[in-house]
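Contents: one structure, followed by commentary.
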Amino acid sequence: MDNTRKSTKRLATAKELQQIVAGFYLEGHEAKRSGKPVGWMPPMNGLIEIFYAMDLQPAFPENWSPVCAAFGLIDRNYQAADSMGFSPDLCGYLRNCVGYINGMMGEEGVPLGGLPEPDMIFMPGAGCVPTMKNFQYIARRFPGAKVFKADLPQVPIEDIQRYHIDYALSEINRIVEFLTRVTGRKLDHGRLAEVVRLSDQACALWDEITSFRRCLPTPISAAEVGLMFVMVTRQGTQLAVDYLTRVRDEVKQRAEKGIGIIAKEKVRLFWDNIPLWYNLGLFNYFEKYGGVVVAETYSAAWSIRLDTANPLEALAMKSLQSYPMVSCVSMKRRKEMVLRACRDYHIDGVILHSNKSCLPITLGQMDIKRALQEELGVPSVVIEADHMDPANFSMAQFEARADAFIEVLLQRKGYRQ
Amino acid sequence: MTDSTGLTRSHIDLSPFAGAVSNRAERLARHAKKQQALGWFCTYTPIELIHAAGFLPVRIYGGTIRVELASSLVPNFVCPYMRTSLERALRGEYKYLSGVIQGYTCDTPCGMLSIWQENAGPGLFHTVPLPYNSGPAARTFYRHTLNELIDKLAGIGGQTDPASLERSLDLYAEIRRTLLRLYELRLRDIFVPPASGFYTILEAGFSLPPEEYLVLLTNLTGALGNIKAATPSGIPVLVSGSLVEQLWIFDLLEAAGGRVVADDLCNGYRYCQPADGSGADPMDRLIDRYIQRFPCPARSTVQERVPQVRALLEKSGARGAIFLFQKFCTPHLADYPALAAELKNAGIPVLLVEMDESGNIEGQLKTRFGAFFEMIGG
Ligand code: SF4
Ligand code: SF4
C-alpha cells in the first residue's frame with residue numbers, strides 16, 4: 001500500500017504557499033549570487049529576527065527536510081547518510097540533511113535549487129541532540145564558513161528565572177557582535193524593533209487564525225499545517241504579516257458563513273507530535289467518516305507573543321520557550337497546552353503519533369494520554385510512525401487503528417448504534 | 001586473558017568491589033534509613049554538591065530486566081539503560097531514593113525525569129541545565145544553576161556551606177585521582193585485571209558512600225605497590241560509547257583476543273577525568289571541573305571529541321577502537337560516522353556494537369569480536 005499521499009487543502013490562500021516557498025529559496029540563491037551573507041540556523045529562536053533586521057539571509061536546513069519529503073528526495077538522502085554510517089535509528093531530519101549536504105547538494109535539477117551554501121553556521125547548544133549534531137556535521141561539511149557555537153539554557157518554561165534570560169541575552173549580544181565582525185554590518189536597533197513588531201504581529205495573526213478552530217464546524221484543519229512555513233522562515237517580515245492577514249480574512253469569512261472542512265462534521269480530532277511530512281494526506285483520512293483533524297501540537301510553537309517594548313529580551317524569551325513548549329523539556333506546559341487545545345476546540349479524540357524520528361516529542365505522550373482520559377474523558381489512540389521515514393509507517397496498520405478509533409468516537413457521539 | 005597476568009592478579013582482591021555491586025539494592029535501602037539518597041543518571045550531575053548537602057548520591061542502575069511496566073509508558077525506541085531503569089523504578093526498586101537529580105545531557109533523561117516524577121514519585125526531581133560554552137558568562141550561568149540546585153536540596157533538608165562543599169570536592173577529587181592512577185597502572189601493565197573487574201571497581205563507586213569507597217580504593221592501590229609489570233597478551237583496544245552495564249561483554253571481548261587499554265565510557269574515563277578543577281572558591285572549583293571534563297557527545301561537538309579520542313588512542317597504544325553503544329543512543333550514534341571516518345583514515349580499525357535490551361547478543365558478539373581481532377592480528 002502506498003505510504004505517501006499529499007493533503008487536500010481547502011483554503012484558497014493555501015495555494016499561494018507554493019509561491020512563498022519557491023520565493024524563499026529563490027531569495028536564498030539570489031543572496032548567494034549577490035554576495036549577501038547566508039547563515040544556516042536551527043528554527044524556533046530569535047536568530048531569524050536579527051538576520052532580517054541586519055538584512056542577512058537565513059536558511060533552515062531542518063525545514064528543508066519536509067520540502068525533501070514533499071519532493072520525494074528522502075530516499076536518496078537516506079542512502080547517502082547510510083553509506084556514511086548514520087544509523088536508521090537517528091532522527092530523519094538529521095539523516096536527511098547530512099545525506100543531502102554530502103550527496104545531491106549543488107547538483108543540477110535539485111528542486112527549488114536546494115539550500116544556498118552557508119557563509120555562516122550557527123551550531124546550537126539547546127533544542128534536541130539531533131539538531132545539535134546536524135549543525136556539527138554541517139560545520140564539518142563547509143569548513144570555509146564561519147561558525148558560531150551558540151548556547152541557550154535548556155529549562156522548562158515554568159522554571160525560567162531572571163538568570164536564564166540574562167544568559168540568553170548575553171548570547172544574543174555575542175551573536176550580534178559575531179555577525180558584525182563577520183559581515184561588517186551593524187545592527188540598527190530601530191530596525192530590530194520594527195522586525196520584532198512584525199514578528200509579534202505574525203504571532204498575533206497566527207493565534208487569531210488558530211482561534212477559529214473553536215468554531216463548529218471548524219473553518220481550518222491540520223491539513224493546512226503547511227502555513228507554518230511562513231512562521232519558520234519569514235517571521236519578522238512584512239511578507240509574513242500580509243500573507244497571514246489574507247489567511248486570517250479567509251478563515252474568518254469561512255467561520256462567519258459556517259463553512260466547514262467537510263459537509264457534515266461529526267467528530268473533531270487532535271494530532272499530537274509532528275505530521276508525517278511524506279503523507280500529509282493522513283489529515284484528510286478521517287473525512288470520509290465525518291472526522292476532521294482540527295488541530296495539532298506543532299503550531300503551539302509559533303504562538304509565543306513578543307514584548308515589542310524590549311526587542312532583545314523578547315527574542316531571548318522566544319528562544320527560551322519555543323522548543324520546550326512542544327517537547328519533553330517542559331512536559332507540564334506541553335500537557336496543559338494539549339488539554340487546553342482539546343477543551344477550546346471541542347475535541348472528541350486525540351491521535352498520539354508515537355514518532356520514531358523524534359524522541360523528545362514522543363516521550364511523555366502516555367502521561368498526556370492518561371491526563372486526557374482522567375481530566376477530560378477524551379479518548380486517544382497511539383499511532384506508531386515516523387515524521388520523515390516512510391519505512392517506519394504502515395498505512396494498513398494506520399487504517400486498522402484509525403478505523404476502529406473513529407468507530408468508537410462516532411458511537412460515543414450517537415452516530416452509530 | 002592468559003596466565004601471563006596470573007601473577008599480578010593473584011595479589012589483588014577485587015571482591016570488596018564486586019560485593020558492593022552485588023548487594024547494592026539491600027545495602028542502599030538500609031543506608032537510606034539513616035542518610036537520604038538521591039539518584040543520578042549521567043556523569044554531568046554535580047554529585048559533589050549533592051554529597052555536600054548531606055545526601056548520598058547513587059547512580060541509577062538499569063541492567064538486565066524484562067521491561068513490562070515501562071513499556072506502557074515509553075516507546076521501545078528508548079535506550080535500554082533508560083527503559084530498564086524506569087522499569088525498576090516502577091517495580092518499586094528505587095523507593096528508597098528521595099528523588100533524582102540530573103544534569104541536562106541528552107534528550108532521553110530529560111524526558112524520563114518527568115516520567116519518573118509522574119509515575120515513580122514523590123520526591124525531588126530536578127534537571128540542572130548545563131552550559132554548552134566555557135567562557136565567563138557560561139560560568140556565571142552555571143553558578144546560578146548550581147545555586148538553584150542548592151536551594152532545591154535545602155527544600156528537602158539539605159544543608160550546604162562552602163566548607164562542606166570543599167570537603168566533598170576533596171573527597172571526590174581523591175577518588176578520581178586514585179581511579180586515574182589505576183588507569184595509569186593499567187597502561188603500564190602493572191594493574192591488569194580482566195576489564196570486567198576493572199569496571200566493577202568503578203561501578204562500586206556509584207553506589208557506595210564515597211568515604212567507604214575511598215578506603216577500598218586506597219587498600220587496592222596499597223596492594224599494588226610492589227607488583228612488577230606483567231606481559232599481558234591480547235590486542236590492545238579502546239572502547240568508546242555510552243555506559244556499559246553488562247560487564248560480561250568485556251569478558252567476551254578479551255576471550256576473543258582483545259585487551260581493553262583505554263576507554264571513553266560514561267562508566268569509565270568520562271567519570272574520572274579530570275580529577276579536580278581549580279578556582280577561587282569551592283563553587284568555581286566545581287564549575288571548572290565540570291566544564292573541563294572529558295566530553296560526552298551529548299554535551300559537546302564531534303569537532304571537540306575527535307582529537308580527544310585520538311589522543312587517548314595514541315597514549316594507550318590501542319590498535320583498534322570498539323564502539324559499544326546502548327541501542328538508540330542518539331548522541332553516540334550521531335558522532336559515530338565522523339569518529340569512525342577519522343579513525344579509519346588514521347589506520348585504526350573500528351567495530352560498532354549496539355547493546356539491546358534483551359542482552360541476547362552473546363553469540364553474535366563472539367563472532368564479531370573474533371573476526372575483528374583476527375583482522376587486526378593477521
Ligand atoms: S524532529 Fe525531534 S529529534 Fe528531530 S530535530 Fe526535531 S525536535 Fe529534534
Ligand atoms: S546518552 Fe545514550 S545511553 Fe545515555 S541516556 Fe542518552 S541515549 Fe541513553
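Computed quantities for the displayed model
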| quantity | calculated |
| --- | --- |
| Residues of type aspartates and glutamates that B:LYS152 reaches as a straight line, Cα spacing below 16 Å, ignoring anything fewer than 8 places off in the same chain | A:GLU158, A:ASP159, B:GLU48, B:ASP161 |
| Phi to ³J(HN,Hα) by Karplus 6.51 cos²θ - 1.76 cosθ + 1.60 over the range A:234-249, Hz, x for Gly, Pro | 10, 4, x, 10, 5, 4, 4, 4, 4, 5, 5, 5, 5, 4, 4, 4 |
| Hz values of 3J(HN,Hα) by residue in the range A:383-395 - Karplus curve (6.51, -1.76, 1.60), Gly and Pro given as x | 10, 8, 7, 7, 6, 10, 10, x, 5, 9, 9, 10, 4 |
| Segments A:186-193, A:261-268 sorted - mean Cβ within 10 Å per residue, highest first | A:261-268, A:186-193 |
| For the range B:35-160: rounded, prolate or oblate by the Cα gyration tensor [a/c cutoff 1.5] | oblate |
| Charge-dipole axis of chain A as Lys and Arg at +1 and Asp and Glu at -1 on Cβ define it, positive-most pick from A:GLY39, A:PRO156, A:ASN77 | A:PRO156 |
| Partners for A:LYS356 among lysines (Cα-Cα distance below 17 Å; same-chain residues under 8 apart left out) | B:LYS327 |
| Shielding of A:121-129 by partner chains, average beta-carbon count, 10 Å | 4 |
| Long-range amide H partners of B:LEU352 with built H, under 5 Å | B:PHE323 |
| Part-to-part distance (alpha-carbon centres) for the range A:49-69 and the range A:376-391, which is given in Å | 28 |
| Assigned charges on the beta-carbon of Lys, Arg, Asp, Glu; the protein assembly as shown dipole about Cα centre (debye) | 520 |
| Alpha carbon convex hull of the protein assembly as shown, volume per residue in cubic angstrom | 163 |
| Mean-position separation - Cα centroids, the range B:339-377 and the range B:129-183, in angstrom | 36 |
| Value of relative contact order over chain A, rounded to a whole percent, pairs C-alpha under 8 Å and six or more apart | 20 |
| Normalised contact order of the range B:35-160, rounded percent, pairs of Cα under 8 Å and 6 or more residues apart | 27 |
| Cα-centre dipole for the range B:35-160 with unit charges at Cβ (Lys and Arg positive, Asp and Glu negative), debye to 20 | 160 |
| Interchain or long-range residues, amide H under 5 Å from B:GLN326's placed H | B:SER242, B:LEU243, B:MET355 |
| Whether chain A is rounded, prolate or oblate, judged on the alpha carbon gyration tensor where a/c under 1.5 counts as rounded | prolate |
| Electrostatic dipole magnitude of the range A:13-188 [Cβ: Lys, Arg +1; Asp, Glu -1; Cα centre; debye, to 20] | 440 |
| Extreme residue, positive dipole direction of the protein assembly as shown, given options B:PHE77, A:PRO143, A:ILE220 (C-beta unit charges) | A:ILE220 |
| Using alpha-carbon coordinates, inclination of helix A:74-84 to the longest axis of chain A, degrees | 60 |
| Förster-model FRET efficiency, 41 Å R0, B:SER134 and B:LYS366, C-beta, rounded to 0.05 | 0.45 |
| Taking chain B and dividing mean pair separation by its residue count, relative contact order in percent (alpha carbons under 8 Å, at least six apart) | 20 |
| Neighbour-count order for A:LYS288, A:LYS356, fewest beta carbons within 10 angstrom listed first | A:LYS288, A:LYS356 |
| On Cα atoms only, tilt of A:311-326 relative to the major axis of chain A in degrees | 40 |
| Estimated inter-spin distance, A:ARG343 and B:ARG66, nm [label 7 Å along Cα→Cβ] | 4.2 |
| Neighbour-count ranking [beta-carbon atoms within 10 angstrom, fewest first] of A:CYS91, A:CYS128 | A:CYS128, A:CYS91 |
| For chain B: rounded, prolate or oblate by the Cα gyration tensor [a/c cutoff 1.5] | rounded |
| B:GLY277 long-range amide H proximity, modeled H, under 5 Å | B:ARG289 |
| With Cα atoms, 0 to 90° folded angle of helix A:61-71 axis to chain A main axis | 50 |
| Sequence of A:ASP307, B:ASP107 once ranked by neighbouring C-beta atoms within 10 Å, starting from the fewest | A:ASP307, B:ASP107 |
| For the range A:127-162 versus the range B:14-32, the gap between their alpha-carbon centres in whole angstrom | 40 |
| Phi-based couplings in Hz for the range A:31-37 (Karplus 6.51, -1.76, 1.60; Gly and Pro marked x) | 4, 4, 5, 8, x, 6, x |
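Each reported figure results from applying straightforward, stated rules to the coordinates on display, with no laboratory input. Note that the structure is predicted; figures quoted are calculated from it, not measured. With ideal geometry, Cβ positions are generated from the backbone for all residues, glycine too; neighbour counts draw on all protein chains shown.
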